[in-house]
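Structure, as structure tokens:
The values are calculated or read from the model by the stated rules, or taken from the named source; none is laboratory data. Fair warning: this is a prediction, and the values are worked out from it, not measured in the lab. Neighbour counts are summed over all protein chains in view; Cβ atoms, including those assigned to glycine, are modelled from backbone coordinates with ideal geometry.
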Amino acid sequence: ASFVGEFSFGPRSFKSIPTFDPDGDGTGPNVGIQNLYISYAFTDKFSLTAGYMGTFVGYELISPAGNFNYSTSYLFTSGPFQNAGIKADYAFSDKFAVMVGLFDDWNVYTDADGVSDIGAQVYFAPMDGWDLYVNFVKGSATGTIIDITTGYQITDTFFLGLNAADFTYDTSDDGGYSGVALYPQYAFSEAFSLGVRGEYFAIKEVKDEFGTVSYDGGSVFATTVSANLKVGGFTFIPEVRLDSSDDLGFLDKDGVAASSASQITLAAVYAF
């Protein structure tokens with residue numbers, strides 16, 4: 001048996017995940033639960049896990065220590081962060097495994113509708129160095145998301161990752177999103193790697209109760225170039241990101257609506 005408890009602190013906590021702050025405005029104790037669950041392995045192949053867990057959906061993680069890029073993708077910020085419930089994992093072999101579970105709606109400690117979502121994951125390793133995950137979550141309040149996450153270590157120095165997802169609200173007229181992100185990364189040495197994330201993300205059109213389109217939808221293409229410089233558990237991440245939208249989805253430095261945005265980030269991450 002194992003127990004995991006992981007918490008986040010600080011002003012960013014209440015902005016991204018549920019917290020103990022009842023107002024959600026940062027005036028209360030900004031402590032967020034990221035993981036709080038217990039797991040029991042009945043055999044080498046079968047285990048049960050119950051509690052509040054980091055989601056199994058998607059390529060990127062909440063913790064920057066688990067990501068190559070410091071900024072996150074649109075797919076990550078639009079999808080679930082956590083799932084509360086119970087899940088069963090069964091590994092048929094080292095190359096094939098299945099998970100099924102019952103969960104609350106995304107990112108909530110308790111759900112007014114009770115355990116109302118079903119989820120599943122299929123893991124497949126076509127060859128050494130290549131991992132493929134197909135993820136599925138469906139709930140009456142949230143909708144249905146289908147997600148594919150894969151990564152292939154092509155050579156000792158070159159890695160290629162991909163994330164593709166499609167989400168539709170329970171009522172399809174309420175819209176949703178779809179997108180794909182590609183993650184090529186090259187390690188020049190153990191201490192220095194360079195990677196690019198290219199992402200296309202589209203928001204689906206929304207219709208009103210009469211079937212009239214009330215929102216045409218929109219799309220954005222984002223390119224992120226990140227370097228990883230590692231010394232022990234410390235990683236320094238300089239990053240350049242360019243986002244371009246087909247509508248005025250951004251604000252420039254003067255607060256005027258714009259169709260593109262850019263940013264330069266310098267991040268330091270220490271994992272222990």
Criterion (closer than 13 Å to Asn135 by Cα, without any contact (Cβ under 8 Å) to a residue 40 or more places away in the chain and either touching an Asp or Glu at 6+ places or on another chain (Cβ under 7 Å) or aromatic (Phe, Trp, Tyr) (or both)) met by exactly one of Ala97, Ala120: Ala97
Looking only at region 81-110, and only at residues there that are among the aromatic types (Phe, Trp, Tyr) and in a strand (DSSP E or B), the one that is nearest to Ile145 (Cα to Cα): Phe103
Any chance Tyr169 is among the hydroxyl-bearing types (Ser, Thr, Tyr), surrounded by fewer than 18 Cβ atoms within 10 Å (Cβ to Cβ) and touching a Phe, Trp or Tyr at 6+ places or on another chain (Cβ under 7 Å): no
Qualifying residue in region 56-76 (condition: loosely packed, with under 15 Cβ neighbours inside 10 Å and of a type in the set (Val, Ile, Thr)): no
Hey, Glu205 closer than 27 Å to Phe167 by Cα, touching a strand residue (DSSP E or B) at 6+ places or on another chain (Cβ under 6 Å) and touching a residue at least 40 places away in the same chain (Cβ under 8 Å) or not: no
Residue count, region 231-257 (criterion: over 14 Å from Gly195 (Cα atoms), surrounded by 14 or more Cβ atoms within 10 Å (Cβ to Cβ) and either of a type outside the set (Ser, Thr, Tyr) or in contact with a His (Cβ under 9 Å, 6 or more places away or on another chain) (or both)): 3
Residue list for region 225-270, restricted to those being among the small types (Gly, Ala, Ser) and touching a Pro at 6+ places or on another chain (Cβ under 6 Å): Ala227
Any hit, region 74-85, residues being modelled with pLDDT of 95 or more and in contact with a strand residue (DSSP E or B) (Cβ under 8 Å, 6 or more places away or on another chain): yes
Restricting region 258-272 to residues that are among the hydrophobic types (A, V, I, L, M, F, W, C) and outside any strand (DSSP E or B), the residue that is surrounded by the most Cβ atoms within 10 Å (Cβ to Cβ): Ala271
Lone qualifier among Tyr183, Tyr152, Tyr177 - being surrounded by 15 or more Cβ atoms within 10 Å (Cβ to Cβ), in contact (Cβ under 8 Å) with a residue 40 or more places away in the chain and over 27 Å from Ala84 (Cα atoms): Tyr183
Only one of Val206, Val231, Val269 that is under 21 Å from the mean Cα position of the chain (by Cα) and among the β-branched types (Val, Ile, Thr): Val269
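Within region 123-149, track down each residue that is within 17 Å of Gly79 (Cα to Cα), of a type in the set (A, V, I, L, M), in a strand (DSSP E or B) and touching a residue at least 24 places away in the same chain (Cβ under 8 Å).
Those that are within 17 Å of Gly79 (Cα to Cα), of a type in the set (A, V, I, L, M), in a strand (DSSP E or B) and touching a residue at least 24 places away in the same chain (Cβ under 8 Å): Val137, Ile145.
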So Asp174, is it in contact with a Gly (Cβ under 9 Å, 6 or more places away or on another chain) and among the acidic types (Asp, Glu): yes
Unmet requirement for Lys95, which otherwise passes all of (1) surrounded by fewer than 17 Cβ atoms within 10 Å (Cβ to Cβ); (2) basic (Lys, Arg); (3) touching a Leu at 6+ places or on another chain (Cβ under 9 Å): (3)
Selection count where residues are polar (S, T, N, Q) and surrounded by fewer than 17 Cβ atoms within 10 Å (Cβ to Cβ), scope region 98-117: 1
